[in-house]
Structures are given as structure tokens and as C-alpha cells.
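Every number in this text was worked out from the coordinates using simple rules, so none of it is lab data. Just so we're clear, the structure is a prediction, and the values are computed from it rather than from any experiment. Cβ placement follows ideal geometry from the backbone for every residue including glycine, while neighbour counts extend to all protein chains displayed.
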Amino acid sequence: MENPKSDSNNLDVVKYIPKPKDKWDDRDCKKHNLDNVAKAVIFKTLDLITFSKIKHLKTAMEIWQGLGKLCEGSEDLRKQKIEVLLEKFKSFKMLPEESFDLLDERFHKILNDLASLNHVLSPKEKSIRLLRSLPVEWYTKATTMEERRNLENYTVQGLLDELRTYEHELEKKKKEEQATPYPTALMTKVRVTTSEGTCPKSCDTPSTSQQPSSKAENLEEEIAMMIKQFRKFKKFFNQTDSTRRPSKGKLQVSNSPP
């Protein structure tokens with residue numbers, strides 16, 4: 001325990017003089033126990049290398065201040081860390097297929113690291129950087145929000161909530177469009193005629209997609225009709241030829257016209 005005592009040379013400066021243990025009262029003992037508890041809590045969170053660097057410190061306050069200097073480093077090192085983090089902040093972009101939850105986590109990690117080095121950005125800087133980190137398909141929405149919002153009074157969390165709501169509306173609209181059935185193609189009556197003047201044949205075919213098949217069917221029907229006519233002609237020719245052909249030894253005259 002320590003007793004405050006004013007410096008005679010400078011009244012604004014207060015020096016702490018350790019209080020002898022034989023003069024401790026119950027209050028001093030309780031404070032000492034609380035200090036030991038705080039030291040134990042800090043020591044349990046440290047690795048062996050860090051513990052070896054601060055184990056010589058006596059009070060919990062000294063240990064805490066020593067850890068701050070150890071983590072921050074010197075002033076030059078602190079400035080270098082800030083420059084690296086600011087470079088990450090300026091080049092921050094939303095990754096392909098990344099959700100806004102992961103974007104929020106990565107973005108706030110940079111902000112928290114800067115804050116731990118006593119470098120705090122303004123709300124407008126944070127909001128502008130977040131909106132400009134969005135991909136091309138979000139350009140219209142991001143530009144509208146940047147122009148119509150007072151980003152000085154807008155928080156990063158507020159922007160993210162608005163972007164999540166807009167994303168939800170887009171997904172809902174896409175699902176509704178996918179659920180709407182497309183109009184079926186109209187069927188037209190196509191008149192298919194043969195080459196020999198037979199009765200026309202009606203068939204239901206699509207107006208565009210069935211044109212090649214209808215042409216093939218017409219060609220097949222024409223070929224079938226030609227074969228049928230050829231067989232009739234051949235049969236007629238055989239009958240005529242048999243009536244005109246004379247038998248052996250007798251001359252037969254056919255009454256049929258030549």
C-alpha cells in the first residue's frame with residue numbers, strides 16, 4: 001500500500017510512499033488481496049514469453065501499463081502499425097460471394113485495431129469507405145446512399161442494416177420472378193398438302209420449332225405417293241403386256257386399244 005504525500009517543491013505533483021505492513025489495517029489488507037486477484041487474472045491470460053517480460057513488476061497497475069507498452073511498442077512502431085492498418089482500410093473491398101456478416105467482421109477488425117493504437121476515424125470516413133467497398137452491382141444503391149444520407153450522423157451498423165434489408169428485398173423479388181410461369185407457346189394449324197391433289201392433312205405443330213419436321217413429313221408423303229403410283233403403273237403395264245403377248249402357234253388379237 002502507498003500513502004500520498006505532496007511534493008514540497010511542486011504542490012501539483014503527488015508522490016506515493018509505501019506504507020509499512022505493520023501499519024496496515026483491514027482496508028489495506030482487502031486492497032492488497034484485490035491487487036493479487038487482478039495480478040492472477042492477468043497472468044493466466046499470458047503466454048510464457050510475455051509473462052517472462054513482465055513478471056518482475058509488482059502491482060497490477062504496473063503490469064497493465066507494462067503490457068500496454070509491450071504490445072504497442074515504441075512510438076515509431078506504433079506509427080508503422082497505423083500506416084499498415086490505414087492502407088488496409090483504404091483498399092478494403094467486399095469479396096465475391098461474401099455475406100454482409102463477414103464483411104462487417106472484417107471491417108470492424110480494422111477499425112478496432114486502429115482504435116487500440118489511439119487512431120480513431122470519423123463516422124463519415126467509415127461510412128464512405130464501406131459504401132465504396134461494395135461490388136459493381138451495388139454501385140447505384142451505394143451512390144444513392146452516399147449522396148442522400150448525412151454520413152456524419154450515420155453509423156456503420158446503420159448502413160449495414162439498410163444494405164441487408166435491401167439485399168433481402170432483392171432476393172425476395174428474384175424468387176417471385178422465378179415462381180411466375182412463362183406463357184406457353186401458341187400452337188398453329190399448318191395445312192400440309194400432297195403433290196397429287198389428295199385431301200389436305202391438318203396437324204397441330206408449333207409455328208416455329210416444328211417447321212423442319214413438317215418439311216420432312218411432306219417429303220416422306222410425296223415419296224410414298226410416288227412409290228404407290230409406280231406400283232400401280234407397273235401392275236397396269238404387266239396386265240397390258242400379258243394381253244398383247246401371243247401364245248405359241250396362234251395369233252391372238254387383242255380388242256383393247258393400243
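A few notes on this one:
- Based on C-alpha pairs under 8 angstrom that are at least 6 apart in sequence, the range 94-177 has a relative contact order of 32 percent.
- Highest to lowest packing among 101-110, 73-82, scored as the average C-beta count within 10 Å: 101-110, 73-82
- Long-range Cα-Cα pairs in the range 94-177 (distance over 18 Å), rounded percent: 45 percent
- Karplus 3J(HN,Hα) series, Hz, for the range 30-44 with 6.51 cos²θ - 1.76 cosθ + 1.60 (x for Gly, Pro): 5, 4, 5, 5, 5, 5, 5, 5, 4, 4, 5, 5, 5, 4, 5
- Here the range 76-110 is scanned for amide nitrogen atoms under 19 Å from the site 7 Å beyond the Cα of LYS175 along Cα-to-Cβ, giving 99-101.
- Karplus-based coupling profile of the range 102-107, in residue order and whole Hz: 5, 4, 4, 5, 5, 5, with θ = phi - 60° in 6.51 cos²θ - 1.76 cosθ + 1.60 and x standing for Gly or Pro.
- Think of the range 16-170 as having a plus end and a minus end, set by charges on the Cβ of Lys, Arg, Asp and Glu; of TRP138, ILE128, ILE54, ILE54 sits farthest toward the positive end of this dipole.
- Virtual spin-label span in nm between MET226 and SER91, 7 Å along Cα→Cβ: 7.5 nm
- Per residue, the convex hull spanned by the Cα atoms of the range 25-91 measures out at 117 cubic angstrom.
- Set LYS88/LYS172; LYS90/LYS174; LYS21/LYS58; LYS79/LYS126; LYS81/LYS141; LYS69/LYS90 screened for pairs whose C-alpha atoms are more than 22 Å apart: LYS88/LYS172; LYS90/LYS174; LYS81/LYS141; LYS69/LYS90
- For the range 50-127 versus the range 132-164, the gap between their alpha-carbon centres in whole angstrom: 25 Å
- With a cut-off of 18 Å on the backbone N, the residues of the range 59-82 near the modelled label site 7 Å out from THR45 along Cα-Cβ are 59-73.
- Per-residue 3J(HN,Hα) values for the range 131-148, derived from phi via the Karplus relation 6.51 cos²θ - 1.76 cosθ + 1.60 with θ = phi - 60°, read 5, 7, 8, 6, x, 4, 5, 9, 4, 4, 5, 5, 5, 4, 5, 5, 7, 9 Hz in sequence order (x marks Gly and Pro).
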